[in-house]
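The values are calculated or read from the model by the stated rules, or taken from the named source; none is laboratory data. All values reported here derive from a predicted model rather than from experimental measurement. Heads up, the Cβs are rebuilt from the backbone with ideal geometry, glycines too, and the neighbour counts pull from every protein chain shown.
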Amino acid sequence: MLGKLIKYEFKSTMRIFLPLYGVIIGFTAIRVLLDLLNIKMIFSDGILVTTYVLMIIGTLALTFIVRIQRFYKNILGAEGYLMNTLPVKPWELIFSKLATSVTWLFGSIIITLSSLLIQLVSRGLLKDFWENIALLWNSFILQYSWNSGIVIGKIAMMIIIYACYVFLMVYCAMAIGHLFNSNRIIASFVAYIGLYFTVQVISVMVLFIYALIFGGGLNFLSQANEAFVLNIVNIQLIETGIIAIGYYLATNYIVKKRLNLE
Amino acid sequence: METVLEIKNLKKSYGKKTALNIGDLEFEKGKIVGLLGPNGSGKTTFIKLVSGLLTADAGDIKVGGISIGVETKRIVSYLPDTNYLFDWMKTKDVIAFFKDFYKDFDEKLALSMLDKLGIDLKQSLKSMSKGTKEKVQLILVMSRRAKLYLLDEPIGGVDPAARDYILKTIISNYNEEAVVIIATHLIGDVENVLDDFIFIDDGKVVLSGSVDEIREEEGKSIDNLFREVFKC
Amino acid sequence: MSWDIKGDRPVYAQLVEIIGQMIIKNIFPPDSKLPSVRDLAASAEVNPNTMQKALGELEGEGLISSIRTTGKYVTNNVELIAAYKRKLAVIELGRFIRKMKNLDYNLEEIKDLVDKEVNNGNSFRN
């Protein structure tokens with residue numbers, strides 16, 4: 001059943017994302033073509049670049065907005081009458097939304113980045129860029145004697161955990177807002193702000209405790225070494241993962257036990 | 001007789017307001033039961049509790065001997081009092097959706113009913129009128145060979161022709177092994193269709209029994225009886 | 001012929017009357033197959049169990065017979081249908097006479113009145 005839920009989730013959002021990606025690919029292709037043929041545009045390059053940047057930002061923003069709106073409408077809104085009476089468990093509903101959201105986010109990031117890189121290549125601007133990246137990468141690998149596989153794996157994991165965290169925080173805020181009998185959208189915003197500050201406070205506390213135990217007191221910044229800083233990254237990652245799981249459980253509890261569709 | 005739905009001491013409140021507080025009820029298979037009462041009397045709360053959209057504060061609900069959960073959702077076919085279908089879908093997509101999620105969905109039956117109404121499978125739900133959408137929803141719900149049908153205000157706010165269509169569709173298609181519960185405030189429109197009725201007001205069961213027995217004893221329709229009792 | 005079901009009496013009793021009339025009026029001719037219980041119930045917009053009960057009563061009268069699984073048929077006994085018609089007519093007449101007696105007519109006066117009104121052309125066509 002989980003597979004079917006994910007299938008319909010993709011089906012419902014494909015209509016928005018595929019055309020969007022199509023536009024970006026088309027735009028990129030035109031730019032590359034113009035470069036290759038050495039055609040000068042009548043209007044300035046600035047306008048094109050601005051449009052392009054807006055398009056990239058718009059794509060990423062839309063990815064978030066569409067995914068958040070889908071969760072709200074599909075589980076906590078009118079469509080919830082259908083979704084919540086399907087013979088599936090609430091955690092499956094939430095998971096299907098989350099998995100789809102993270103996938104589309106990856107899709108949007110990959111599409112926009114590739115588009116950017118392709119254009120840089122076509123303008124010959126990339127030589128230096130590539131070399132710098134390679135330099136940075138090699139120094140990293142050498143310095144910490146990691147292998148590239150682990151680094152790539154770790155980065156991918158970080159992105160996934162953070163993406164889950166971001167979406168689950170919004171889902172959780174909307175679920176908390178749903179507990180109110182009126183003004184649920186406003187309540188969701190307030191819940192989001194509340195969650196945000198709570199997490200900030202927890203983060204700072206965890207950091208201080210870590211510093212007190214391993215960093216030799218509050219003036220740790222002055223004597224920070226690399227291992228110490230890298231550990232902070234790990235701690236942050238674990239902390240983010242745990243909080244994300246907390247959001248998931250809270251959302252699941254509310255959808256399962258406290259649902260009250262209008 | 002086999003009991004399809006069993007209710008024990010059900011309680012549900014929203015904040016301080018008690019929405020439903022009823023004792024024990026049993027629903028036997030093969031019966032069409034009217035859940036009657038004015039607006040805001042607790043009908044929808046009852047239906048939502050049985051469908052699993054709400055969780056009771058106290059008491060127990062069993063469908064086919066199983067407490068409410070994924071297993072009961074497999075055998076309960078629920079028609080809400082709202083448009084719940086996805087606007088982006090075409091008619092054929094919704095059919096596929098129901099077929100995917102409900103094993104008891106009779107695709108042929110649904111297709112033949114849609115065909116009779118002249119609904120194009122390629123038509124998107126977005127482009128349908130409210131009345132047509134309601135009919136599509138009813139067709140989907142009645143095309144399931146369910147053990148329990150929960151129909152919340154199926155004839156609320158429709159014209160007489162649509163009302164006739166809806167009642168005929170329910171009568172012609174429900175599974176004989178099942179219980180059909182019709183929640184409505186339009187008592188006069190449904191009472192001929194019912195075996196039994198439960199009248200609720202302010203979250204409590206006021207009166208229940210067999211429609212024909214009441215008619216015989218009182219010499220008046222259930223509708224008139226309630227108008228007299230509640231002066232509504 | 002319509003399924004005009006009133007609110008003041010049990011539905012099944014009214015169904016017995018209406019289907020009985022449909023048989024008398026040849027809407028369901030002798031020896032014909034009746035629609036299924038579901039279909040009859042749907043067209044009358046009544047509960048199928050109630051329709052079943054009404055058909056059961058007509059079966060008791062001998063107007064309808066069930067042939068195993070193939071369905072229900074109207075009797076081929078035309079005399080039985082005629083007798084049933086007569087029986088209903090007598091019941092209806094009894095009601096009429098009771099009402100007339102309440103208006104202080106005796107039987108002779110009732111007969112006279114009926115003759116007179118029919119002859120006047122002021123008949124009760126409908």
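Annotation note: of B:ARG215, B:ARG144, the sole residue that is of a type in the set (D, E, K, R), surrounded by 21 or more Cβ atoms within 10 Å (Cβ to Cβ) and away from chain C (no Cβ under 14 Å) is B:ARG144.
Okay, residues lined up against (1) among the polar types (S, T, N, Q); (2) under 25 Å from A:ARG184 (Cα atoms); (3) not in a loop (DSSP other than H, G, I, E, B):
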position: A:MET55; (1), (2), (3): no, no, yes
position: A:ARG70; (1), (2), (3): no, yes, yes
position: A:TYR81; (1), (2), (3): no, yes, yes
position: A:PRO87; (1), (2), (3): no, no, no
position: A:ILE111; (1), (2), (3): no, no, yes
position: A:LEU116; (1), (2), (3): no, no, yes
position: A:GLY124; (1), (2), (3): no, no, no
position: A:ILE133; (1), (2), (3): no, no, yes
position: A:LEU136; (1), (2), (3): no, no, yes
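In the set (1) more than 30 Å from A:GLU92 (Cβ to Cβ); (2) modelled with pLDDT of 80 or more; (3) crowded, with 16+ Cβ neighbours inside 10 Å, A:GLY215 fails one condition alone, (2). Checked against the criterion of being β-branched (Val, Ile, Thr), touching a strand residue (DSSP E or B) at 6+ places or on another chain (Cβ under 9 Å) and at the interface with chain A (Cβ under 10 Å from one of its Cβ atoms), the candidates B:ILE47, B:ILE68, B:ILE75 yield just one match: B:ILE75. Is the stretch C:8-15 home to any residue that is at the interface with chain B (Cβ under 10 Å from one of its Cβ atoms), more than 26 Å from C:ARG86 (Cβ to Cβ), in a loop (DSSP other than H, G, I, E, B) and under 18 Å from the mean Cα position of the chain (by Cα)? Yes: one or more hits. Looking only at residues in the stretch B:88-128 that are away from chain A (no Cβ under 14 Å), in contact with a Lys or Arg (Cβ under 7 Å, 6 or more places away or on another chain) and among the hydrophobic types (A, V, I, L, M, F, W, C), the one that is nearest to B:LYS73 (Cα to Cα) is B:LEU121.
For the stretch C:19-26, the count of residues that are more than 8 Å from chain B (Cβ to nearest Cβ), within 16 Å of C:THR75 (Cβ to Cβ) and in a loop (DSSP other than H, G, I, E, B) is at least one. Kindly indicate whether any position in the stretch C:69-82 is exposed (fewer than 10 other Cβ atoms within 10 Å of the Cβ) and within 20 Å of C:MET22 (Cα to Cα). Yes: the stretch C:69-82 contains one or more residues that are exposed (fewer than 10 other Cβ atoms within 10 Å of the Cβ) and within 20 Å of C:MET22 (Cα to Cα). The single residue among C:ILE110, C:ILE81, C:ILE97, C:ILE64 that is in contact with a strand residue (DSSP E or B) (Cβ under 9 Å, 6 or more places away or on another chain), outside the structural domain of C:ILE19 (by TED's automatic domain parsing) and aliphatic (A, V, I, L, M) turns out to be C:ILE81. Exactly one residue among A:SER182, A:SER203 is without any contact (Cβ under 8 Å) to a residue 24 or more places away in the chain and polar (S, T, N, Q), and that residue is A:SER182. Pairs linking a residue in the stretch A:98-120 that is over 27 Å from A:TYR247 (Cα atoms) to a residue that is in a helix (DSSP H, G or I) and among the charged types (D, E, K, R), with Cβ atoms under 9 Å and 6 or more positions apart or on different chains, are A:SER115/A:ARG31; A:ILE118/A:ARG31; A:GLN119/A:ARG31; A:GLN119/A:ASP35.
In this structure, does B:GLY131 turn out to be farther than 14 Å from B:LYS31 by Cα, modelled with pLDDT of 90 or more and either within 14 Å of chain C (Cβ to nearest Cβ) or in a loop (DSSP other than H, G, I, E, B) (or both)? Against the criterion (farther than 14 Å from B:LYS31 by Cα, modelled with pLDDT of 90 or more and either within 14 Å of chain C (Cβ to nearest Cβ) or in a loop (DSSP other than H, G, I, E, B) (or both)), B:GLY131 does not qualify.
With respect to A:LEU48, is the statement that it is surrounded by 15 or more Cβ atoms within 10 Å (Cβ to Cβ) and touching a Ser or Thr at 6+ places or on another chain (Cβ under 7 Å) true? In short, no. For the criterion of being outside any helix (DSSP H, G or I) and modelled with pLDDT of 90 or more, A:ALA99 fails. Which residues, counting only those in the stretch C:27-49, are more than 14 Å from chain B (Cβ to nearest Cβ) and not aromatic (Phe, Trp, Tyr)? Matches in the stretch C:27-49: C:ILE27, C:PRO29, C:PRO30, C:ASP31, C:SER32, C:LYS33, C:LEU34. Working only within the stretch C:83-126, note down all residues that are exposed (fewer than 11 other Cβ atoms within 10 Å of the Cβ), over 26 Å from C:GLY20 (Cβ atoms) and charged (D, E, K, R). Correct list: C:ASP104, C:GLU108, C:ASP115, C:LYS116.
Could you tell me whether B:LYS62 is within 10 Å of another protein chain (Cβ to nearest Cβ) and not aliphatic (A, V, I, L, M)? It is false that B:LYS62 is within 10 Å of another protein chain (Cβ to nearest Cβ) and not aliphatic (A, V, I, L, M).
Of the residues making up the stretch A:133-161, those that are modelled with pLDDT under 75 and surrounded by 12 or more Cβ atoms within 10 Å (Cβ to Cβ) are A:PHE140, A:ILE141, A:TYR144, A:TRP146.
Of everything listed in (1) within 19 Å of B:LYS168 (Cα to Cα); (2) assigned to a helix (DSSP H, G or I), the single unmet condition for C:ASP4 is (2).
When the stretch B:168-186 is filtered for residues that are surrounded by fewer than 21 Cβ atoms within 10 Å (Cβ to Cβ) and hydrophobic (A, V, I, L, M, F, W, C), only B:LEU186 remains.
Residue under question is C:LEU55, and the condition is that it be more than 14 Å from chain B (Cβ to nearest Cβ) and either out of contact with any Ser or Thr (no Cβ under 8 Å at 6 or more places or on another chain) or surrounded by fewer than 16 Cβ atoms within 10 Å (Cβ to Cβ) (or both); does it hold? Yes: the conditions hold for C:LEU55. The number of residues in the stretch C:69-126 that are under 20 Å from C:SER32 (Cβ atoms) and among the basic types (Lys, Arg) comes to 2.
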